[in-house]
Amino acid sequence: MTMTQRPQTGLTLKSLSGRGDSARAMSLLFLLRRWREKNATMVARPRAPADDASNTSLASLAGGDLAERFHSWRGRSGRRYICSVFRVEHHTEDAGLPDFAAAIVIAVKTDIAGNRQVVGFCQCEHGFGPVARAAFVTAAIAAGAQQWHVHLLTADPQKRRAAIEDIEALCRPTRELLPA
């Protein structure tokens, strides 16, 4: 029986007898980092081409019950921002916009063909006042908003601002909702 030869990577994990589990974990992390540095071109995730659609439904949910509940927006950088979709409900308080403390809200309108167009952005933070929120909701509805796209996966205020600028570079709002 012949055995298949694996290519040599030059990376080995030596026995750490006498050391605790934390030392082993650190060694594994170090080896993983070295492997990533050596093979960065092999594992780099490809970015979307610049002419790729800036907003699309999620292909993985196509045809399912959740397809209309999630949407992705692509920024100039090629990053995708996955959003939960909520309908604008004129008869409810805040027009159906969920109350999230750390999120990006994209007010969206759709045309007859179902194409989505950005109406405006809102960066919600802890302490975001009800007056500012009401002003955004009122301005978005006046501009024709039909959906709220809420992105929750951005870690801090600076990254949320950068994400808005990234998306806005490809999907300019139809007009400014609130004065700067």
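Segment residue 61..residue 156, full-extension length gain: 31.4 nm, with 0.36 nm per residue of separation and the alpha-carbon distance subtracted.
The Cβ shell under 15 Å around residue 104 holds other residues with a net charge of +1, Lys and Arg each +1, Asp and Glu each -1. The residues of region 98-140 present an accessible area of 46 Å² per residue when probed at 1.4 Å with all protein chains retained.
Seen through its C-alpha gyration tensor, with square-root eigenvalues sorted a ≥ b ≥ c, region 45-161 comes out oblate because a/c lies at 1.5 or above while a/b is not bigger than b/c.
The values are calculated or read from the model by the stated rules, or taken from the named source; none is laboratory data. The structure displayed is predicted, hence computed values, not measured ones. Cβ coordinates were reconstructed from backbone atoms using ideal geometry, including for glycine residues, and neighbour counts include every protein chain displayed. Surface areas here come from the heavy atoms of the whole protein model, side chains and all, with no ligands, DNA or RNA. Shrake-Rupley method; radii C 1.70, N 1.55, O 1.52, S 1.80 Å.
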